[in-house]
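Written out below as structure tokens is the structure these notes cover.
Since every read-out is calculated from the coordinates, none of them should be taken as a lab result. Note that the structure is predicted; figures quoted are calculated from it, not measured. Backbone-built Cβ (ideal geometry, glycine too); neighbour counts: all protein chains shown.
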Amino acid sequence: MYEKLKQQVLPQLIVPGSRVLMAVSGGPDSMALAHILWRYVKEMKEQKITLVITHVHHGVREESDDEEKMVKSMARDWEIPCLIHRFDSKEYAKSVGKSFQTAAREWRYACWKEDMRKENCTLLATAHHLGDQAETVLYRLLRGSGTAGLAGIYPQKGELIRPLLSVTKEDILEYCRNENLPYALDCSNEEPIYARNKIRLQLLPELQREYNPKIVETLGRTAEVLRWDEEYLEEGVRAAWKKFAIFSTEHRVGLRGTIFDLPKAMLSRLIRRAATLVSGEPRGIAFHYVEQVMASQGQVGWSQDLPGLKIEIDYQGVWFQRADWGQYINESAGILSPSLPIDANWGEWIPWRDREGQNWQVGLFSLENEADDEDYPGQCVDKVFFDGQGLIRNGDKLQWRYRRDGDSLWIAGLGHKSLKKVFQDAKVPANQRQEIPLLALENEILWIPGVKRGDRYPLRQGGGAVGVLVKR
């Protein structure tokens with residue numbers, strides 16, 4: 001087992017110079033993992049890999065004190081730094097209103113993340129093995145997961161690595177015996193109380209006896225094949241996101257209405273991704289909610305309230321927004337940035353933050369002629385050019401602000417046109433009109449970014465000014 005891991009697995013997961021935080025509970029899986037990595041580091045000294053152990057005492061079982069001592073003793077013998085954390089897991093679960101297992105898992109990962117920061121670790125290693133993979137696949141299958149869920153546990157996700165994912169529990173126990181490794185057994189794992197325990201203690205043995213003696217290996221292989229497919233599809237999703245996303249903040253996401261022309265496999269993933277970004281729920285939204293959105297077929301005016309978010313479709317596209325999104329709009333001030341004197345800040349980029357938390361930059365530049373997009377840093381979203389001398393002679397202050405009652409845009413040959421009519425002609429939904437920043441000269445609107453420029457102060461040769469919105 002070790003030689004296979006040394007030759008095929010560990011070099012792919014751990015690059016030279018890594019500092020690895022090892023989560024060690026004291027059970028056979030984590031003790032074997034710690035020994036394997038310690039052994040690998042010793043044999044591969046030229047790689048300059050270092051290790052740190054982290055151990056969590058959940059304050060539940062009497063044996064936990066002995067397990068803590070065992071882990072500390074091992075770390076001392078191997079001369080590895082060891083971090084010990086104690087917390088009342090049951091009390092914590094009550095305080096956050098979650099199940100014991102869920103709350104304890106979330107607390108551990110948050111703790112490990114902080115350990116990585118303090119110890120300057122680049123990787124976190126956990127002892128998930130092939131049996132855990134099989135349990136996960138069955139658990140998600142019973143819950144009705146799609147291919148993304150059935151792809152199971154990944155060997156690596158970002159900083160998290162699972163070197164033992166291809167190793168059976170039997171191989172781990174044999175390794176511990178051969179290397180004379182001490183370990184503790186958690187008796188609660190033998191109680192068919194939780195769903196995962198029932199799968200491990202009842203369902204998997206039944207499948208092994210009656211259907212497939214190699215069911216654990218089979219499920220592991222199935223997960224691996226589905227993971228290959230999912231990784232390929234995810235590449236397509238990333239490319240599609242760049243093409244179809246028109247707006248994205250932590251509170252609101254917009255996708256082009258043409259996403260409904262995509263194959264269902266791609267459409268459903270874009271919907272889930274948008275919902276995840278807004279709701280913060282890693283699993284996105286339930287399948288029947290995805291079906292509802294897909295069944296709308298992009299019909300303008302369609303909307304649906306879902307747990308934690310609202311989805312609606314207008315002329316611009318499909319919008320996913322947090323249920324409390326309106327609060328973030330109403331909390332913001334009416335002026336986006338302080339009034340900007342026209343005789344100051346030329347050639348400077350002025351940052352500001354819109355009502356949805358999106359960072360932008362606005363610039364005022366004195367130019368002889370119109371400039372190309374590459375003349376400006378960042379991604380040019382929209383730009384206009386005005387007669388700088390005319391603005392200066394006016395004497396009023398340029399400012400960025402939101403819409404006010406009575407605002408209008410001056411159109412040559414027509415006169416003043418109300419912003420309401422301008423927005424209607426441009427098919428801007430009513431619920432989005434108050435969000436768009438306006439470039440104003442005191443009470444006169446000069447420009448509605450992305451919608452329309454007024455005809456005041458047309459550009460003239462020599463001394464033009466340009467107002468530019470740039471996404472940061």
### Query
In whole angstrom, how far apart do the alpha carbon centroids of segment 412-459 and segment 77-115 sit?
54 Å
### Message
I want the local charge near Asp186. Using Cβ-Cβ distances under 11 Å, sum +1 for each Lys or Arg and -1 for each Asp or Glu among the other residues.
### Response
-4
### Message
Report the Cα centroid-to-centroid distance between segment 1-55 and segment 238-286 in angstrom, as an integer.
### Response
38 Å
### Message
Can you tell me what share of the DSSP beta bridges in segment 2-226 is antiparallel? A percent to the nearest 5 is fine.
### Response
10 percent
### Summary
Amide H contacts under 5 Å for Ser408, restricted to residues at least 5 apart in sequence or on another chain and with H modeled in the peptide plane, are Leu419, Ile445
### Task
Calculate the translational D of segment 249-327 in whole µm² s⁻¹ from Stokes-Einstein, where the hydrodynamic radius comes from the Kirkwood formula applied to all Cα pairs, the temperature is 20 °C and the viscosity 1.002 mPa s.
175 µm²/s
### Message
On a 20 Å Cα-Cα criterion, which of the cross-link pairs Lys243/Lys420; Lys243/Lys264; Lys6/Lys48; Lys420/Lys452; Lys113/Lys157 come out too long?
### Response
Lys243/Lys420
### Query
Under 5 Å between amide H atoms, partner at least 5 residues away or on a different chain: which partners does Leu160 have, H built in plane at 1.01 Å?
Leu124
### Query
What ranking do His416, His58 get, fewest neighbouring Cβ atoms within 10 angstrom at the top?
His416, His58
